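The values are calculated or read from the model by the stated rules, or taken from the named source; none is laboratory data. All of these numbers come straight from a predicted model, not from anything done at the bench. Cβ placement follows ideal geometry from the backbone for every residue including glycine, while neighbour counts extend to all protein chains displayed. Remember, those area values only see protein heavy atoms, side chains included, never the ligands or the DNA or RNA. Shrake-Rupley method; radii C 1.70, N 1.55, O 1.52, S 1.80 Å.
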There are 4 protein chains.
Amino acid sequence: MSDLWWPGDHRAGVLLTDQALLDAMVAVEQAWLDVLAEAGLAAGTQLPAVAPDALDPAAIESTGNPVPTLVAHLREASGETWVHRGLTSQDVLDTALVVCLRDAVARVRGDLDRAVRRLAGLAREHAATPMVARTLTQHAVPTTFGLKAATWLTGLLDARHDLDHLDRVGWPVQLGGAAGTLSAVVELDLDPRQARDDLAARLDLAPAAPWHTTRRPLTRVADALVSVTDAAGRLAADVATLSRPEIAELSEGHGGGSSTMPHKANPVLSVQVRRAALAAPGLAATLHLAAATQVDERADGAWHAEWATLRDLGRRTVVAAAQTTDLVEQLQVHPDAMAATLATADDAVHAEQHAVHEVLGRDPSAETDHHDYLGAATDLVRTAVARAEERP
Amino acid sequence: MSDLWWPGDHRAGVLLTDQALLDAMVAVEQAWLDVLAEAGLAAGTQLPAVAPDALDPAAIESTGNPVPTLVAHLREASGETWVHRGLTSQDVLDTALVVCLRDAVARVRGDLDRAVRRLAGLAREHAATPMVARTLTQHAVPTTFGLKAATWLTGLLDARHDLDHLDRVGWPVQLGGAAGTLSAVVELDLDPRQARDDLAARLDLAPAAPWHTTRRPLTRVADALVSVTDAAGRLAADVATLSRPEIAELSEGHGGGSSTMPHKANPVLSVQVRRAALAAPGLAATLHLAAATQVDERADGAWHAEWATLRDLGRRTVVAAAQTTDLVEQLQVHPDAMAATLATADDAVHAEQHAVHEVLGRDPSAETDHHDYLGAATDLVRTAVARAEERP
Amino acid sequence: MSDLWWPGDHRAGVLLTDQALLDAMVAVEQAWLDVLAEAGLAAGTQLPAVAPDALDPAAIESTGNPVPTLVAHLREASGETWVHRGLTSQDVLDTALVVCLRDAVARVRGDLDRAVRRLAGLAREHAATPMVARTLTQHAVPTTFGLKAATWLTGLLDARHDLDHLDRVGWPVQLGGAAGTLSAVVELDLDPRQARDDLAARLDLAPAAPWHTTRRPLTRVADALVSVTDAAGRLAADVATLSRPEIAELSEGHGGGSSTMPHKANPVLSVQVRRAALAAPGLAATLHLAAATQVDERADGAWHAEWATLRDLGRRTVVAAAQTTDLVEQLQVHPDAMAATLATADDAVHAEQHAVHEVLGRDPSAETDHHDYLGAATDLVRTAVARAEERP
Amino acid sequence: MSDLWWPGDHRAGVLLTDQALLDAMVAVEQAWLDVLAEAGLAAGTQLPAVAPDALDPAAIESTGNPVPTLVAHLREASGETWVHRGLTSQDVLDTALVVCLRDAVARVRGDLDRAVRRLAGLAREHAATPMVARTLTQHAVPTTFGLKAATWLTGLLDARHDLDHLDRVGWPVQLGGAAGTLSAVVELDLDPRQARDDLAARLDLAPAAPWHTTRRPLTRVADALVSVTDAAGRLAADVATLSRPEIAELSEGHGGGSSTMPHKANPVLSVQVRRAALAAPGLAATLHLAAATQVDERADGAWHAEWATLRDLGRRTVVAAAQTTDLVEQLQVHPDAMAATLATADDAVHAEQHAVHEVLGRDPSAETDHHDYLGAATDLVRTAVARAEERP
């Protein structure tokens, strides 16, 4: 599996691929068939795995979504006519999307956890490593690299909070039938609430009222994923900036080479993370737009716009999280360079301190006592690290 | 106050205007001055209110943000040189933004609460009002208008959950000083943590570590606001569709006239709500992008891109929420038209039922017993209404 | 080739795939090698075709773009060390992107041409088919289906104008060397202008100054592609609306079925076209953003964000154009239904006419002469059709 | 006029304000009244100027657009009942939008012309000022500041090409009547084509078929405006980067101060230009989306979403163009710093040259002849400058 157009895409492996979607859809059909079997309607048939090339793309296009073609295939392959009875295409596709997204989010979270650990370590380790703070590109006052790492950490913790929130809210099963009334389910004499709970339990999802046209369950995932790429992008922007040769306070562990300049060490992970951070907000906006243009009991295009957009947003976030983790784990910190910059910037970085002393009417000669002027940096690092450790 | 370019803008009143921002910034400076006064540094000076035209726009542009010009004005007007000592521009502007956004969100929530009540009422009232469900524009199975109202309600409840989540997370004060280290605060011999808590308390905000370059507090607000316009847009799309004269199952209470066709009753509230739903996702995406391109200890453009974007997103959401509330409060429901459509659609809407009976091997003559075929609609309405009532 | 997440994707075939990009990159390297051979530097080596799985994705990721890995592969496979000498990765990748985009645009144009012909035919054929015009969802005055078709046609003609403009501006080769100075080309004693013209000619591209960081050549393509999906989406919105069963003035030739409701005829082409129209603007915005955040002589992420975004925008536009063509070629027009709606809407659609007569002080009994009230509809159809035929 | 949320907004003056829109709408009504007067229908009444606060915002909201309220006001104020007869709201508002946009574009073009002149001057002046080129943040090969200026220049020239293209295509009048058929115009016994041409001529606009729902005329403007902010943002990114104190190869003429650090010189113009470049793509995307979701003969929300979006995009581009012009006119270039960086980077920047020599089998000692290694930089500067001068 390779994607020349998005280097690093292979890191996402099978997540949110055609095969993953197909596996998830078959799992949903199987779980539902098991519900029907338990109700004495269907036999206990095992559905076969399906490969993407078993389904005719023209057939899929002719119904606008892959479920009818899959159902026909499954019925024929298994000889089980009860496959899909009571469900609608959107039940299967939405539930499968949720399963695929949950897997992707789990992967992202695993990577965030590693990155969080490393950043907490960096923050602690460099709590007393002074460097210059920069605002609007210019030298401001002193800070520490520990505090910078703590700031990155806070971004990732905020993103992790959002991912955790997805679990707290729950990954919802979709079961509404043709138009969200569970009509066929009831017609089959199933108890709709129990059938739904049973289906959810078999897929380890949360029961939920049908959400065919209320799409916050998906935009919530999108918002959380973008909060990951936002935090990763913010971190990568610092690494890219501070690994400029004129600054050289940071460098990526393994710089990427060039096709013509052999010794060049490009911050390739930062570059690729920044790429994702630029592209993700537009994808999330498309998902909100799809949510905002839902209509009737199934939308005429807005639903269809979600699938590939979620896939792209999901895979790219997985890749960005993995690259961010590598980036922080391999990051080279150069305290000497930081100290050298700070020494050069001496006048600039003490301007504020002088101004404070002036307003206090203090003796400027006393300022030598305040040569580091680091404010509450150490305490702020401690707070961020403590927050990183809060999680069980 | 009028905005010809966004009819209905006057509904947002002073929220997120120049004056509101200025009032909030003065309130922040006052609260901080009070902190300094309590520490024995400043006198208990009261700062004057400031009107936008008191500040020179060219001066504001020359520093890139309005705070330095405001501070100069306040110092001169009050004679108090302690104004702003220890703060940085971003502390004042970000905190003021949070205050302004909180006010806007409170307004939105008030409107949502009214809309929720009305939709819960509609859902209950029409729990047994049959209508045809439509999927991909075509007639599907029967549903009830009560369930449709319950679906809209669920969208608004999801959005209200997001707004409530903002309160649970807290509206954070910003206090970091020049570069997020609270350097000047410490230099003034204030306890940074206590100063921050004190400032937050005076503004009724939550204490928070400096978030100068970790912008989830703002993108979280943006995501919640878009979840409101998404839910409102989804509802308005149904109203616009179902008030088409060929369908006529719903109509706005007061249709808007036309400049040339006197008797026309346009669904003007739906139209204006839809407008907001189309424009909001792009604004939220810009805020995520700003979050993703933060760099250093204060970003060189990404910070500045946030202000007007938040203002526009905020005001438009306030207007959309108010219009949505009017829309649902004045909505005319036409059960007769719904029944007539359903009668016309008879064959289509029972196709699924026939298919189920076929697979069950049932006698088709028994189908007359199932003429409404409404599945679990009533139960789904009950669940949504119960959720609306959960809130204290 | 199938994409379950974007039904209809197979229509784009090999366009903008991994293989297409690879073929184009090899073609660029070959053309350049031929330039070098003609200059007496390289031998006349023929480079082999390369399959995507010949390149290690981890290697590609380690340099952030696929060119260095491809170059290493080509040098080894061909034994020709002159491969790529004088070029930079961006020269190869950007030029290959242009080649791939040109192919995709050519395909889109071919489909637009067919759709234009069909719409011109529909406009002519139905120039006197009256129907009601609708504004803000409500009945306004009479119009003709011919004029509606002419309006769709105008949208496609505007889009075709944009695609043609791309040809007029030219599809630019990229040749700048390591940092846009053509340093290595000059060092190889080649005449840089002649080398560039020669490379361009071999690839049938336009010579151009290096545009490594001035990306209007790409955003111009993006804008043109979005103008296609905009026009297609606008047309599809009408078809989806007018094929609602309550209106039934249009229908798709082959409606798509449902997984549970066998006789349902969904407007599946319209739905899929609308999907593309919702997703495309966000992709084009990402490309503008990438253009806007270029920096230095090669950007640190903004370049990388372009590739997959262009691929997705390109393929989806190809699919949408093909589906739009099928849609209009198979479109069923129902003049009887149009006439019936118009009859029902009689009062409404003549309100304007009455108002005009009132202001003119005319005798209302004279109005029977104006029963169709079609204004300049016929002339407007003629103008649009003439524009469609203008093109050689 | 001030906008605290978007510093520099005052630069756009009255362009695209409420007053400008109102003036333009009155001008359209006046021009149309003159057409009616010439046809002997109306008297030669002069309409009064109208101030925004003369119109009731609630009345405007009740019809969803400002035209009906304006028309009522004009009829009452002038006593002329012929005001607006034959027009529809969209005719007036769209035409007024075009007038306002044309004025804004003219202002942008004036600023671009100044910036182009200055950049052509800088490119010429510094054609032999060596500096290091940077790719992916790292030192690559040598270049000249003249070539960097020429690159910025190319970006602005591409944008100017787009603005000029708007003139070539023409600024279209909107005249379609209630639903694009010119029904009332014909009913008034006017020749519709002549009436349209006459109206267009009076407003110095281009005649055009009604484009009520084919919105390329507006998205074309949006795309051109974004191409301006893209080019400006790309330039500003370089200035912000190269004015970092560790690099210091460029600086803004007048740096902006800080509220706490008196001696700081922030690149405030670059920062504000970058802000616009981040925000503009999302606004243009909203306009494309509005174009893509047009439906019927007047859209139910998509039209309404355009107005404020165009206003915001227009004003921000005006401000960005003005700031960019100041930025380049005041830009300080530091050739000594450039030379110093280049000296430090010596090994890195000659790596490519060594590699070329190696492949050529040249004697490395001959390399001293190639110490500047500037490739075709001078020629590329000349080409860009010539293009700047092409325009009459």
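For segment D:38-61, check the following and say yes or no: at least one residue is surrounded by 18 or more Cβ atoms within 10 Å (Cβ to Cβ), within 9 Å of chain B (Cβ to nearest Cβ) and of a type outside the set (A, V, I, L, M, F, W, C).
yes
So which residues in segment C:71-115 are within 14 Å of another protein chain (Cβ to nearest Cβ), of a type in the set (S, T, N, Q) and buried (at least 18 other Cβ atoms within 10 Å of the Cβ), if there are any at all?
The answer is C:Thr88, C:Ser89, C:Gln90, C:Thr95.
When you look at D:Val185, is it open to solvent by less than 10 Å² (accessible area, probe 1.4 Å) and within 15 Å of the chain's Cα centre (by Cα), yes or no?
no
Consider B:Asp34 carefully, then state whether it is in a helix (DSSP H, G or I), over 20 Å from B:His212 (Cα atoms), of a type in the set (D, E, K, R) and open to solvent by less than 50 Å² (accessible area, probe 1.4 Å). Steps first, please.
Values: in a helix (DSSP H, G or I): yes; over 20 Å from B:His212 (Cα atoms): yes; of a type in the set (D, E, K, R): yes; open to solvent by less than 50 Å² (accessible area, probe 1.4 Å): yes.
When the stated conditions are applied, B:Asp34 passes them.
Just name the residue that is nearest to the chain's Cα centre (by Cα) out of those in segment C:37-94 that are closer than 23 Å to A:Leu269 by Cα and among the polar types (S, T, N, Q).
Here the answer is C:Gln90.
Tell me which residues, restricted to segment A:5-23, are open to solvent by 10 Å² or more (accessible area, probe 1.4 Å) and either at positive phi or not charged (D, E, K, R) (or both).
Matches in segment A:5-23: A:His10, A:Gly13, A:Val14, A:Leu15, A:Thr17, A:Gln19, A:Ala20.
Considering only segment D:275-318, state which residues are within 17 Å of D:Val14 (Cα to Cα), of a type outside the set (S, T, N, Q) and either within 9 Å of chain B (Cβ to nearest Cβ) or without any contact (Cβ under 8 Å) to a residue 60 or more places away in the chain (or both).
D:Trp307, D:Ala308, D:Leu310, D:Arg311, D:Asp312, D:Arg316, listed by residue number.
Grab the helices (runs of 4 or more DSSP H) fully contained in segment C:167-262, keeping just those with 1 or more residues being closer than 21 Å to D:Ala140 by Cβ and at the interface with chain D (Cβ under 10 Å from one of its Cβ atoms).
Details: elements: C:183-187, C:192-202, C:216-242.
In segment C:167-262, the matching helices (runs of 4 or more DSSP H) lie at C:183-187, C:192-202.
I'd like the full set of residues that are open to solvent by less than 10 Å² (accessible area, probe 1.4 Å) and touching a strand residue (DSSP E or B) at 6+ places or on another chain (Cβ under 8 Å), limited to segment A:214-243.
Result: A:Asp238, A:Val239, A:Leu242.
Can you tell me which residue among C:Leu175, C:Leu235, C:Leu166 is touching a Phe, Trp or Tyr at 6+ places or on another chain (Cβ under 7 Å) and under 30 Å from C:Gly282 (Cα atoms)?
Numbers: C:Leu175 fails: touching a Phe, Trp or Tyr at 6+ places or on another chain (Cβ under 7 Å); C:Leu166 fails: touching a Phe, Trp or Tyr at 6+ places or on another chain (Cβ under 7 Å).
When all the criteria are applied, what remains is C:Leu235.
Right, A:Asp18: closer than 30 Å to A:Gly155 by Cβ and under 23 Å from the mean Cα position of the chain (by Cα) or not?
Against the criterion (closer than 30 Å to A:Gly155 by Cβ and under 23 Å from the mean Cα position of the chain (by Cα)), A:Asp18 does not qualify.
From D:Leu47, D:Leu16, grab the single residue that is in contact (Cβ under 8 Å) with a residue 60 or more places away in the chain, in a loop (DSSP other than H, G, I, E, B) and under 23 Å from D:Leu175 (Cα atoms).
It is D:Leu16.
Looking at A:Ala133, A:Ala127, which one is at pLDDT 95 or above, of a type in the set (Gly, Ala, Ser), touching a His at 6+ places or on another chain (Cβ under 8 Å) and outside any helix (DSSP H, G or I)?
On the way: A:Ala127 fails: touching a His at 6+ places or on another chain (Cβ under 8 Å).
Among A:Ala133, A:Ala127, only A:Ala133 is at pLDDT 95 or above, of a type in the set (Gly, Ala, Ser), touching a His at 6+ places or on another chain (Cβ under 8 Å) and outside any helix (DSSP H, G or I).
With respect to A:Arg391, determine if the residue is modelled with pLDDT under 95 and either over 22 Å from A:Arg244 (Cβ atoms) or surrounded by 15 or more Cβ atoms within 10 Å (Cβ to Cβ) (or both).
yes
Which condition breaks for D:Gly155 when tested against (1) more than 7 Å from chain C (Cβ to nearest Cβ); (2) part of a helix (DSSP H, G or I)?
(1)
Of everything in segment B:315-342, what is farther than 30 Å from B:Leu163 by Cβ and touching a strand residue (DSSP E or B) at 6+ places or on another chain (Cβ under 7 Å)? Give them in sequence order.
Correct list: B:His334, B:Met338, B:Ala339, B:Thr341, B:Leu342.
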